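Read-outs throughout are calculated quantities, based only on the coordinates presented, and are distinct from any laboratory measurement. Here the structure is a predicted model, which means the values were calculated and not measured. As a convention, Cβ positions derive from the backbone with ideal geometry for all residues, glycine included, and neighbour counts pool all protein chains shown.
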Amino acid sequence: MDQLRNSLFLLLFITLVLRNACTDAQQQQPVFTLPLSSGPLSIAIDPTTSYLFVSEPHNNRVLSFGSVFGLNSTSRPRVVFGQTDFNSTQANQGRASPSKKTLSNPTGIFVDRSGTLWVADSMNLRVLAFRSASTLPTDAAASVVFGQPNFTTSASIYPPTAASFYFPVGVYVDASGTLFVADSAYARVLVFKNAASLPFGTNATSVLGQQNFSDISLGCSAVKLRDPIAVTGTVGDALLVADSGNNRVVRSFLLIIFFFSPPLPQKRWLTVFFLRSCITQEHRHKSLAVQHHMHSCRRT
């Protein structure tokens, strides 16, 4: 009887704690909400100015706000990248081909320590860099392009090369200026050392997730990826990749990347977190096919 009574008391206590937690959560409101029109996907903060940048893929633009420390619910964006004004939303500003000022489905963004904004311009199959982004006006021109030989092409290349992308969706630049691009449809991460100083169409320094630059095989192992969609780094010189098709996050030590060219050592990945087993779930995930000419994505 005592054991039953103790169990009932414990159940009542847990119920009260959970109810109070839910009540507290409902009462806690965000400090402010920014008015965004359609599906913000990625955010970045300029470490030199504290300005906030937000990508809106469906509106084919990136918005720039003022210092994140001064924002409130009435704050409006300062400038827009990819469009001529805040009312326009067409991919590549309605043109048949891209330019240094246009975007088509921008996804991942990152601002490095020098204030350069990096944008994964996914449907244009390229990555753009906007130097001193916090000082630029609306409809500013990009400074550098990766994945294409110039600003006016968006060609897909098969088999892939060290200088091509197919649906790049995530970008990250470490303290040394090395650019990492999650090239989702080709199941790899491309690495560009000293990216800010490189010319257009430069080959990547190395590749993660594939044995070489022309390989596009998918897998779930210590050396393979499936639909990597985001990439970031840690203070301890480790690279983290959101390997979405395998339901996991994987880690690679950057020291290996800097001292080896493809093929890299086989045991370069260390899985640090699984959402579920990618072995048992692998049959549920097919490769991501990007129909660039239709500007749409589908699973095949």
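Gain on full extension, evaluated as 0.36 nm per residue between Asp85 and Val68 minus their Cα-Cα distance, stands at 3.9 nm.
What does the net charge come to around Arg113 if you take all other residues with beta carbon closer than 15 Å to its beta carbon, with K and R at +1 and D and E at -1? Intermediate values should be presented prior to the final figure.
Values: positive: Arg131; negative: Asp46, Asp112, Asp174.
Neighbour charge sum, excluding Arg113 itself: -2.
Highest mean packing comes first when the peptides 115-124, 59-68 are listed by Cβ atoms within 10 Å, giving 115-124, 59-68.
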